1. With an 8 Å cut-off on Cα pairs and a minimum separation of 6 or more residues, tell me the relative contact order of the chain in percent.
2. What is the fewest-to-most order of Cys235, Cys121, Cys57 by other Cβ atoms lying within 10 Å of their Cβ?
3. Based only on other Cβ atoms within 10 Å, what is the fewest-to-most ordering of Met247, Met1?
4. What list of ³J(HN,Hα) values in whole Hz, one per residue of the range 159-169 in order, does the Karplus curve 6.51 cos²θ - 1.76 cosθ + 1.60 (θ = phi - 60°) give from phi, with Gly and Pro shown as x?
5. Can you list residues from other chains, or at least 5 along the same chain, whose modelled amide H is less than 5 Å from the amide H of Ala243?
6. Which FRET efficiency value, to the nearest 0.05, do you get for Asn4 and Gln43 by plugging their Cβ-Cβ distance into 1/(1 + (r/R0)^6) with R0 = 30 Å?
7. Evaluate the distance, in nm, between pseudo-label points positioned 7 Å from the Cα of Arg126 and of Asp58 along their respective Cα→Cβ axes.
8. What whole number of Å gives the distance from the Cα centroid of the range 67-129 to the Cα centroid of the range 147-215?
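What follows draws every value from the coordinates through simple rules; no lab data is involved. Given the structure is predicted, the values throughout are model-derived calculations rather than measurements. FYI the Cβ positions are ideal-geometry reconstructions off the backbone, even for glycines, and counts take in every protein chain you see.
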Amino acid sequence: MLANKTIVVTGSAGGLGEGIAQICYREGANVVLADLHGERVRQVAARLGVRALGVTCDVRNAEHLSKLVEQTVKRFKTIDGLVNNAGINFVKPFLETTAEEWELLISVDLRAVFFLTQLVCRQMVRQSKGGSVVNISSVHSQSVLPGSGPYDAAKWGVVGLSKSIAVELANEGIRVNCISPGLLNTQIWRDIQAAAPDAAACVEYWNANIPIARVIEPTEIGELAAFLLSDRSACITGANIFADGGMTSQLISREPYVSKNLKPELGS
Ligand SMILES: NC(=O)c1ccc[n+]([C@@H]2O[C@H](COP(=O)([O-])OP(=O)(O)OC[C@H]3O[C@@H](n4cnc5c(N)ncnc54)[C@H](O)[C@@H]3O)[C@@H](O)[C@H]2O)c1
């Protein structure tokens, strides 16, 4: 699906970014993996193979972003796709969250998406052959949890920003879409289980809150990202696709009893 395309994936030293990079590579792309953790991301790139390049990049740093674009073009000539995946999260009561904490989260999860997409889209416009941007939002772009205000704001913001750029750059052949994943099998899921007093009960609880009754593998999101990066999705732009196993479609996890009285009846 992605032969002869060069795709940049941020936050790809592990977790979801690594899964997305794996599938893009399998589909024939040249893949540039960018992450704060340079050593780790170069190891991931080396494991993928000769069409992968690992780059140290703090997405908050304007100079790093320019260098990322320069290094990509130097090595592979063009940029055809970008996945803004790098992200951080924390949970803290709204009334206690500080300006520094707000700014840190917004700078990684929202501000960096704006400025890296701008640099990459300028390059795509120069190349005159369009391109595709995939922004990783979250189920938090629809439903939220207490204590995640900055994350919720950033992930809703990413969807609005994506729609805006999609509309503005459609005439350049550039498409911009979001993926909103549900709970993923990455470090955060391992941390949730480790913090639980009973790991099995924790898994059962979360599975009950996900209609497909399991967490999602990074490579499953990678399959969707590869489709959105490919020419097969040429008519899709400005979309936010929930890849959440049904999580945001479900009102409550389960009924404690069978609602026997709820039969279709004509009124008397
Ligand atoms: N894990 C989930 O359940 C879940 C659900 C929905 C959405 N998401 C989103 O998916 C994305 C990836 O999540 P994950 O679970 O793989 O997280 P993760 O913490 O396992 O991986 C995130 C990667 O981003 C990198 N990173 C962090 N700050 C960076 C910076 N300033 N510059 C460059 N790289 C940086 C980290 O080094 C790490 O490799 C995030 O945007 C997250 O919000 C995750």
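1. Numbers: 501 pairs, mean separation 52.8, N = 268.
Relative contact order of the chain: 20 percent.
2. Working: Cys235 6, Cys121 20, Cys57 28.
Result, fewest neighbours first: Cys235, Cys121, Cys57.
3. Numbers: Met247 22, Met1 17.
The most exposed by this proxy come first: Met1, Met247.
4. Whole-Hz 3J(HN,Hα) from phi for the range 159-169: 5, x, 4, 4, 5, 4, 5, 4, 5, 5, 9.
5. Ser180, Gly182
6. Working: r = 26 Å, r/R0 = 0.87.
The computed FRET efficiency comes out at 0.70.
7. 2.5
8. A separation of 17 Å, based on Cα centres.
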